[in-house]
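Read the structure below first, then the notes.
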Amino acid sequence: AQSVTQLGSHVSVSEGALVLLRCNYSSSVPPYLFWYVQYPNQGLQLLLKYTSAATLVKGINGFEAEFKKSETSFHLTKPSAHMSDAAEYFCAVSRGRGTYKYIFGTGTRLKVLA
Amino acid sequence: GAGVSQSPSNKVTEKGKDVELRCDPISGHTALYWYRQSLGQGLEFLIYFQGNSAPDKSGLPSDRFSAERTGGSVSTLTIQRTQQEDSAVYLCASSLRLAGDRTDTQYFGPGTRLTVL
């Protein structure tokens, strides 16, 4: 069975500091991995996705994530936090090959301090 | 429309009442999904529609929940005899699901916040 674990339900960083949001997965088959962002009162927006091509994936708004099979991780990073990055971030895994069922993590709420 | 739309944005109901939540997917998207987002939890898959195929209802938590999709477009999620534990944000998503597409991005609507008193 697949699962996703997001460490830290709340993360605070100072504006301009590194953002690191952790995601570990378990999957019996090579996974496809996703990061979504949810701003207040909005739906989820895709930040980036890993589809077994390059292990370092670049997304929108300066975010990137690295797939590390040995660590079963797909952590999300951004070199310099901006106030507008404050939101909730969700990691998700699917079995790949277009399988429609995503398994979502419980989310990490990012707070950016001025 | 440009994105997935859902209505109402907020719904407050009394325990025992029935509610209907509506989802308008992105035009041309053949796949439609419903998820439930409860406080402090991730998104829970409820149901999936793909074209004219029988829907995958494996995520529906009880027989009080049902959904339909008319004409391959608009979908309605119905909850009968609502309970307090049904209070959550209900999210709808749609995707293209093109044949041979190895990844299929789901696009989400803003959700309907359901509160059962």
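Read-outs: derived from the displayed coordinates by stated rules, not from any lab. Not measured: the values here are computed from a predicted model. In this analysis, Cβ positions are derived from the backbone assuming ideal geometry, glycine residues included, and neighbour counts consider all displayed protein chains.
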- Message: Report the gain in length on full extension from B:Asp56 to B:Thr78: 0.36 nm times residue separation, minus Cα-Cα distance, nm rounded to one decimal.
- Response: 6.4 nm
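For chain B, report the convex hull volume of the alpha-carbon atoms normalised per residue, in Å³, without decimals.
102
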- Counting other chain Cβ atoms within 10 Å of each Cβ in A:34-42 and taking the mean gives 3
- Query: Can you work out D for segment B:11-79 in µm² s⁻¹ from Stokes-Einstein, where Rh is the Kirkwood radius over C-alpha pairs, the temperature is 4 °C and the viscosity is 1.567 mPa s?
  - Reply: 100
- Alpha-carbon Debye profile of chain A, log10 I(q)/I(0) at 0.10, 0.16 Å⁻¹: -0.26, -0.67
- Query: Peptides B:74-82, B:38-46: what's the order by average Cβ count within 10 Å, highest mean first?
  - Reply: B:74-82, B:38-46
- Note on the structure: Out of B:Asp56, B:Asp24, B:Asp86, a Gaussian network model of chain B with alpha-carbon springs under 10 Å gives the largest mean-square fluctuation to B:Asp56
- Inter-probe distance in nm under a simple model that places probes 7 Å from Cα toward Cβ, at B:Thr70 and A:Thr77: 5.1
- Task: For peptide A:106-113, compute the average count of partner chain beta-carbon atoms within 10 Å of each residue's beta-carbon.
- Result: 1
- Message: Between A:Ser3 and B:Ser38, what is the label-point separation in nm under the 7 Å Cα-to-beta-carbon projection?
- Response: 1.7
- Take every DSSP beta bridge with both residues inside chain A and express the antiparallel ones as a percent of the total, to the nearest 5. 85
- Task: In whole Å, largest first, what are the principal axis extents of the Cα atoms in the protein assembly as shown?
- Result: 48, 43, 34
- Query: For B:Thr78, what charge total do you get from the other residues with a beta carbon under 15 Å from its beta carbon, if Lys and Arg give +1 and Asp and Glu give -1?
  - Reply: +3
- For A:Phe67, enumerate residues with amide H under 5 Å from its amide H, sequence gap 5+ or separate chain, H modeled in the peptide plane. A:Leu56, A:Val57
- Item | Residue mean of other protein chain beta carbons inside 10 Å, B:89-96 | 2
